[in-house]
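Inspection log for the structure reproduced underneath, given as structure tokens.
The values are calculated or read from the model by the stated rules, or taken from the named source; none is laboratory data. Every value quoted in this text rests on a predicted model; they were computed, and no experiment measured them. With ideal geometry, Cβ positions are generated from the backbone for all residues, glycine too; neighbour counts draw on all protein chains shown. What goes into the accessible areas is simple: the full protein's heavy atoms, side chains included, and nothing from ligands, DNA or RNA. Shrake-Rupley method; radii C 1.70, N 1.55, O 1.52, S 1.80 Å.
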Amino acid sequence: MLTIAGSGHRMCDGVTRRNAMKIGALGLGGLSLPGLLRAEHAAGIKKSHKAVIMIYMVGAPPHQDMYDLKPDAPVEIRGEFHPINTNVPGIQICEHLPKLASIMDKLVPLRSVYGSPSGDHDSFICYTGRTVRNQPAGGWPSIGSSISKVLGSVDQSMPPFFGLAPNAGHPPYGSPGHPGFLGFSHAAFRPSGPARDDMKLNGIDLNRLSSRKQLLSSFDTFRRDADSRGVFEGLDSLNQTAMEILTSSRLMHALDVTREDPAVRERYGTGDPNNYYDGAPRNLEQFLMARRLVEAGARVVTLNFGRWDFHANNFSECKNTHFPLFDQGMHALITDLHERGLDKDVAVVAWGEFGRTPRINPEAGRDHWPEVGNALIAGGGFRTGQVIGATDRIGAKITDRPIHFGEVHATLYHHFGIDPKSVQLHDLSSRPHYLVDNWNPMPELV
């Protein structure tokens, strides 16, 4: 926990020179700031501000009830939902996703995603493009951690990788994507998770402050006092930049959705900030926060949404608890990015770890089905308004254009201007590894 406080020779905010010198070496929500900055300087790579927002649909949504409905299949396969036309002729999706149907020209449903070998619940494959099997020393890093290592920060006061997931009852459901062999210096900054306990000033935590304005004032007062007494003098450039992150109002402004235009906030809505059972919240303000963070300089933002593991009551759960909020949040995010001219710079992908069984079980649910799942892609300057991939008449097998998770990751790295088959990262045994396995960017998109 970071509490800026001290004893001995204090400044007016109660911070000793010794403690101020130590701040840059502290881990903030798992992010070692000097380590991150050293890696950034060592990379020596020209920076750009492309970004990715990745929505992990916790527990795996039913592919055949969202973007790949089978109205001609037997009733025990097709279920209760009906397809509706979208604003792109020939593309149909679920009737309970009308907002997404209205902007299909800005979207790409992927109907043939595969890669999960076991059907076990884990966000790992979504965040890495790889399976948990046969990992190198230290484990595979997530895309956010890899981008942090390769490209570093856009702005020294903004971490490159944010994870908006709070802790969850099932730990993989609350994962923002792990750093693997890249280490904690490239872990996600988690303002909705453990890092909340690190954002304190002089023992006054966020809940005790009367307003966000008071919090920002506390940051700014500390910064002015530190500067006036020369605390920054003697710190190396890396720790000075670490202090920038800890004291800048830029980060706090980006996290404060109350600063947003009320009309925009109303479009996003609020959803439900509470975890859904052992999964994630259906928090629509996190969609807005993700857009604010990439606009402020974040490169990768992950957020976890809901709990889609509907072994029972699949149709009522989808219709009443998940589809309406997902439809609203995704529609608001995609239209917002387009209206702000960010649609070419920010790529968005929403997916789960696998699909669901074609046959509905006796509990009106669908079980795990690793053979095929789906995804929704937008932005990134991609060629949208198309569907990629197809399954058989009952949604059980891929019949056209299999798409591996790693292929989508290769496409996202390409979006950043990175060749995933030439850039290498070294594991804890100093062995080099490419960013993805032997996958190329999807030619249909790029």
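Tabulated data for the structure shown
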| quantity | calculated |
| --- | --- |
| Among residues of the stretch 410-436, those that are assigned to a loop (DSSP other than H, G, I, E, B), within 17 Å of Pro160 (Cα to Cα) and not hydrophobic (A, V, I, L, M, F, W, C), counted | 1 |
| Strands (runs of 3 or more DSSP E) fully within the stretch 65-143 counting 3 or more residues that are open to solvent by 10 Å² or more (accessible area, probe 1.4 Å) | 83-85 |
| Qualifying residue in the stretch 354-371 (condition: in contact with a Leu (Cβ under 7 Å, 6 or more places away or on another chain) and either under 21 Å from Ser123 (Cα atoms) or surrounded by 23 or more Cβ atoms within 10 Å (Cβ to Cβ) (or both)) | no |
| Qualifying residue in the stretch 38-48 (condition: over 19 Å from His368 (Cα atoms), crowded, with 21+ Cβ neighbours inside 10 Å and at pLDDT 95 or above) | no |
| Which listed residue, of Glu353, Glu371, is in contact with a Cys (Cβ under 9 Å, 6 or more places away or on another chain), in contact (Cβ under 8 Å) with a residue 40 or more places away in the chain and closer than 19 Å to Arg130 by Cβ | Glu353 |
| Subset of the stretch 312-335 (residues that are over 26 Å from Gly59 (Cβ atoms) and within 17 Å of the chain's Cα centre (by Cα)) | none |
| Candidate set from the stretch 303-336 (those that are farther than 18 Å from Cys94 by Cα and either polar (S, T, N, Q) or without any contact (Cβ under 8 Å) to a residue 60 or more places away in the chain (or both)); member that is surrounded by the fewest Cβ atoms within 10 Å (Cβ to Cβ) | Ala312 |
| Top-ranked residue of the stretch 295-351 - restricted to ones that are part of a helix (DSSP H, G or I) and charged (D, E, K, R), ranked as farthest from Glu76 (Cα to Cα) | Glu295 |
| Qualifying positions in the stretch 92-115 - among the β-branched types (Val, Ile, Thr), more than 20 Å from the chain's Cα centre (by Cα) and within 24 Å of Ile398 (Cα to Cα) | Ile93 |
| Residue identified as touching a Ser or Thr at 6+ places or on another chain (Cβ under 8 Å) and modelled with pLDDT of 95 or more among Pro141, Pro159 | Pro141 |
| So Val408, is it of a type in the set (Val, Ile, Thr), closer than 23 Å to Phe354 by Cβ, in contact with a strand residue (DSSP E or B) (Cβ under 7 Å, 6 or more places away or on another chain) and touching a residue at least 12 places away in the same chain (Cβ under 8 Å) | yes |
| Any hit, the stretch 248-263, residues being charged (D, E, K, R) and crowded, with 23+ Cβ neighbours inside 10 Å | no |
| Pairs with Cβ under 7 Å, 6+ apart, first in the stretch 251-275 and more than 13 Å from Ala296 (Cα to Cα), second part of a helix (DSSP H, G or I) and of a type in the set (Gly, Ala, Ser) | Arg267/Ala332; Tyr268/Gly329; Tyr268/Ala332; Gly271/Gly329 |
| Count - residues of the stretch 269-294 that are under 23 Å from Lys344 (Cα atoms), of a type in the set (S, T, N, Q) and in a loop (DSSP other than H, G, I, E, B) | 0 |
| Hits in the stretch 402-421 (condition: open to solvent by 50 Å² or more (accessible area, probe 1.4 Å) and modelled with pLDDT of 95 or more) | Pro402, His414, Gly417, Asp419 |
| Any hit, the stretch 248-257, residues being assigned to a strand (DSSP E or B) and of a type in the set (S, T, N, Q) | no |
| Options Gly395, Gly381: the member that is part of a loop (DSSP other than H, G, I, E, B), open to solvent by 10 Å² or more (accessible area, probe 1.4 Å) and on the phi > 0 side of the Ramachandran plot | Gly381 |
| Residues of the stretch 337-346 classified as open to solvent by less than 10 Å² (accessible area, probe 1.4 Å) and either of a type in the set (Gly, Ala, Ser) or out of contact with any helix residue (DSSP H, G or I) (no Cβ under 6 Å at 6 or more places or on another chain) (or both), total | 1 |
